[in-house]
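Nothing in this text is a laboratory measurement; each read-out follows from the coordinates by a stated rule. Not measured: the values here are computed from a predicted model. All Cβ positions, even for glycine, are placed from backbone atoms using ideal geometry, and neighbour counts span all protein chains on display.
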Amino acid sequence: MTITENHKKESFSQAYVKAISSMAGAIVDLGSQFDYGIDASFSQVIAIPNGQFKRDGVTPKCNYKLSGTKFLAQIKCSHELEAIGDDPDSLRYKLKKKNYDDLICVPGQGELQKILLVVHVPRVVGARFDQNPERLIMSQTCYWINLSGMIADARSKVPILIPKRNIFTPEKINTFFQQHRAGQQLS
């Protein structure tokens, strides 16, 4: 017996996002029983020097704590991202209306900012990762887009254009934290 294809994709996408988050030095909480359209909560961790030094006498020892800066994400996993003929710099993803509606919040109305993460995987399950004693390679990549402020859409599946440059990286996570602290929209 094995889990369903959708559960495999969900587990793969969560592992991918957790790996990226760990490299950013952030904490990611991957959902709960009642997620209300949110699959992940990213929290910034900060280091506070505690006045002591490591054995080298130069490097300060630190205490670590949550900064209070966070953002939320909905995570999707798909092999169906489509290149667009008239826009070679974007990919199209069809998002269910309910999920779209969960993400088009208006910043400044008490909601934490939310992004959509789409983990793009090869169609062939066996091509999604390669493992040997030296490394584990997860294919392909994860893209992000912020839908805050977008207008409501009546279609059952809303086509979302994601710029190919919007790769979800550890650096991007830290940029999101900086933007959030500055009161800016995540971009």
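Quick one: what Rg and Dmax do you get for the chain from the alpha carbons, in Å?
When restricted to the Cα atoms of the chain, Rg and Dmax are 18.5, 63 Å.
I want to verify a result. In a Gaussian network model of the chain, Cα cutoff 10 Å, which of these has the top mean-square fluctuation: ILE20, ILE84, ILE104?
ILE84
Figure the gain on full extension for ARG135 and LYS94 (residue separation times 0.36 nm, minus the Cα-Cα span) and round it to one decimal in nm.
Answer, rounded to one decimal: 11.5 nm.
Pairs to check: LYS70/LYS98; LYS9/LYS65; LYS65/LYS94; LYS96/LYS164. Give those whose C-alpha atoms are more than 28 Å from each other in this structure.
In this structure, LYS9/LYS65; LYS65/LYS94 exceed 28 Å between Cα atoms.
Within the chain, which is the longest segment that contains none of the trypsin sites (Lys or Arg not before Pro) sitting in a DSSP loop with at most 12 other Cβ atoms within 10 Å?
Counting at most 12 other Cβ atoms within 10 Å as exposed, the longest clean stretch of the chain is 56-122.
Arranged by the count of other C-beta atoms within 10 angstrom, fewest first, what order do HIS7, HIS180, HIS79 take?
In order of increasing Cβ crowding within 10 Å: HIS7, HIS79, HIS180.
Straight-line reach from LYS114: which aspartates and glutamates have a Cα under 16 Å away, not including same-chain ones fewer than 8 places off?
ASP29, ASP35, ASP39, ASP101, ASP102
Choose one of SER21, PHE53, PHE71: the residue whose Cα lies farthest towards the positive end of the charge dipole of the chain (beta-carbon charges +1 Lys, Arg; -1 Asp, Glu; about the Cα centre).
PHE53
Once label points are set 7 Å from the Cα along Cα→Cβ at both VAL58 and SER11, what is their separation, rounded to one decimal in nm?
Result: 4.6 nm between the two label points.
Determine the calculated [θ] at 222 nm for the chain from helices alone, applying -39500 (n - 2.57) to every DSSP H run no shorter than 4 residues and normalising by the residue count; nearest 500 deg cm²/dmol.
Per the formula, -6500 deg cm²/dmol.
Please compute the contact order of the chain in relative form: average sequence separation of alpha-carbon pairs under 8 Å and at least six residues apart, divided by the residue count, as a percent.
The value is 21 percent.
Suppose R0 equals 22 Å. What FRET efficiency, 1/(1 + (r/R0)^6) with r the Cβ-Cβ distance, do ILE84 and ARG155 give to the nearest 0.05?
Efficiency, rounded to the nearest 0.05: 0.80.
Once fully extended, how much extra length lies between ASP29 and LYS65, figured as 0.36 nm per residue of separation less the alpha-carbon to alpha-carbon distance?
11.4 nm
Taking the Cα centre of region 47-187 as origin, work out the dipole magnitude from +1 charges on Lys and Arg Cβ and -1 charges on Asp and Glu Cβ, in debye rounded to 20.
420
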